[in-house]
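The values are calculated or read from the model by the stated rules, or taken from the named source; none is laboratory data. Computed from a predicted structure; not experimentally measured. All Cβ positions, glycine included, derive from the backbone under ideal geometry; neighbour counts span all protein chains shown. Accessible surface is based on the protein model in full, side chains and every heavy atom, while ligands, DNA and RNA are left aside. Shrake-Rupley method; radii C 1.70, N 1.55, O 1.52, S 1.80 Å.
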Amino acid sequence: MNEEKVRKPAPGWWALSPLLVFLCLYLVTSIIINDFYKVPITVAFLVSSCYAIAITRGLNLDQRVYQFSVGASNKNIMLMIWIFVLAGAFAQSAKEMGAIDAAVNLTLQILPGNLLLAAIFIASCFISLSIGTSVGTIVALTPVAIGLAEKTGVDLPFMVAIVVGGSFFGDNLSFISDTTIAATRTQECVMTDKFRVNSLIIAPAVVIVLGIYIFQGLSVTAPVNVQAIEWIKILPYLVVLITAVIGMNVMLVLTLGIVLSGIIGILTGSFGFFDWFGSMGTGITDMGELIIITLLAGGMLEIIRYNGGIDFIIEKLTRHVNGKRGAELSIAALVSIANLCTANNTIAIITTGSISKDIAIKYHLDRRKTASILDTFSCFIQGIIPYGAQILIAAGLAEISPISILPHLYYPFTMGICAFLAILFRFPKKYS
């Protein structure tokens with residue numbers, strides 16, 4: 001009876017206002033204080049979520065909170081969270097076992113000195129693909145890049161940019177990357193299928209950039225001195241990559257990686273049994289903010305959907321769309337704008353994933369390519385904004401300006417161009 005008396009207004013910009021409140025609170029405040037990480041993104045989502053509940057018509061307070069909780073506990077959101085938990089446990093236990101150092105040493109030793117620049121790029125790509133995080137890759141490799149730049153005379157911002165660029169290769173493709181997890185879960189497609197499509201889209205970018213680094217590195221002749229390779233410590237990464245590629249369930253893949261990391265760490269004396277537990281606990285805890293953000297974003301988007309905001313924005317974005325090409329471009333624009341405003345590619349995907357899925361359904365887009373577009377364009381934008389965590393961390397470690405890195409970010413820019421051309425020319429044909 002109450003729902004009949006209180007009629008909801010027609011969907012309009014008011015339904016999307018929670019998203020606008022979030023963007024304004026996070027973006028405008030960050031600009032004013034000149035620090036994009038000073039305002040906790042969890043607080044911005046909390047305020048906008050409370051606002052979303054407050055403006056909802058036709059339901060009493062308990063019903064509004066219930067509707068919010070329905071979105072937060074969506075099966076895709078919950079499965080995403082379980083994967084985040086396992087990914088955090090694996091990444092930290094493998095790191096403390098010494099797997100990152102082993103992977104760095106292996107990649108740097110397999111190429112000769114005159115291919116130094118290419119070796120750094122390949123190392124960054126391989127490590128990020130293995131550990132699924134661009135930030136972790138930058139933290140691991142940037143100190144090595146700084147030392148090599150000092151010994152060889154290579155421009156420091158250029159050397160650092162190689163690491164930053166390559167780190168987004170794995171951020172975009174890794175099976176344990178939170179962006180890949182978010183993109184595939186929101187679009188309800190299999191990671192292996194998304195990997196195949198995404199690989200075809202960005203393969204030209206990898207070849208072009210690698211060719212540039214090979215050519216530019218021919219004049220670099222300084223030897224690369226690294227520690228001996230501990231081969232057994234690379235095993236967890238290799239097992240995770242191989243089992244993921246052959247199609248094993250991602251949760252089983254991560255569990256296997258955790259067990260292997262623990263066994264190898266204990267056998268090699270890298271840590272004790274309870275230290276292994278401690279590293280897993282640290283990794284899971286480190287995922288806490290992302291899990292909270294995911295829950296709040298899921299609830300807020302459900303309220304927006306209930307109020308008609310999703311249908312409204314789809315209608316606005318696709319009003320002049322006449323086919324699949326325009327629909328894919330609208331998805332690319334949507335996630336890019338969200339990433340510019342949030343400075344976090346995972347959050348951009350989570351925020352726009354539901355809308356993108358509805359656009360994909362309306363225009364019969366292939367979910368695998370839609371997930372690839374979301375992931376690739378979010379990584380492209382994240383890779384070129386000077387206030388993103390990756391560039392800020394790299395610049396801080398190297399003690400240089402974030403702006404000085406931007407002109408040398410060959411891979412992110414080339415990746416973005418290739419993704420744009422893939423939409424324009426309907427590539428790959430099989431998935432377009």
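Assorted remarks:
- Pairs meeting the criteria (first residue in segment 159-177 and part of a loop (DSSP other than H, G, I, E, B), second residue charged (D, E, K, R), beta carbons under 6 Å, at least 6 apart or on different chains) are S177/D171.
- In this structure, F274 does not qualify as open to solvent by 40 Å² or more (accessible area, probe 1.4 Å), under 30 Å from H408 (Cβ atoms), in a helix (DSSP H, G or I) and at pLDDT 85 or above.
- Test: S279 is part of a helix (DSSP H, G or I) and touching an Asp or Glu at 6+ places or on another chain (Cβ under 6 Å): yes
- Restricting attention to segment 323-337 and to residues that are open to solvent by 40 Å² or more (accessible area, probe 1.4 Å) and hydrophobic (A, V, I, L, M, F, W, C), the residue that is farthest from Y363 (Cα to Cα) turns out to be I337.
- Among residues of segment 180-202 that are within 22 Å of I355 (Cα to Cα) and in contact (Cβ under 8 Å) with a residue 12 or more places away in the chain, those with a Cβ under 9 angstrom from a residue that is aromatic (F, W, Y) and part of a loop (DSSP other than H, G, I, E, B), sequence gap 6+ or separate chain, pair up as I181/F175; M191/F175; F195/F175.
Residues checked against (1) out of contact with any Gly (no Cβ under 8 Å at 6 or more places or on another chain); (2) aliphatic (A, V, I, L, M):
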| position | (1), (2) |
| --- | --- |
| T352 | yes, no |
| K362 | yes, no |
| A371 | yes, yes |
| T376 | no, no |
| Q382 | no, no |
| G388 | yes, no |
| Y410 | no, no |
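- Those residues of segment 121-148 which are at pLDDT 80 or above, open to solvent by 10 Å² or more (accessible area, probe 1.4 Å) and more than 17 Å from I258 (Cα to Cα), in sequence order: I122, C125, F126, V135, I146
- Filter result for the condition that a residue is crowded, with 24+ Cβ neighbours inside 10 Å and in a helix (DSSP H, G or I), over A94, A118: A94
- Within segment 60-84, being more than 13 Å from A297 (Cα to Cα), at pLDDT 90 or above, open to solvent by less than 70 Å² (accessible area, probe 1.4 Å) and of a type in the set (A, V, I, L, M, F, W, C) holds for one residue alone: V65.
- The residues listed here are H364, H320; of these, the one that is in a loop (DSSP other than H, G, I, E, B), touching a residue at least 40 places away in the same chain (Cβ under 8 Å), surrounded by fewer than 17 Cβ atoms within 10 Å (Cβ to Cβ) and not acidic (D, E) is H364.
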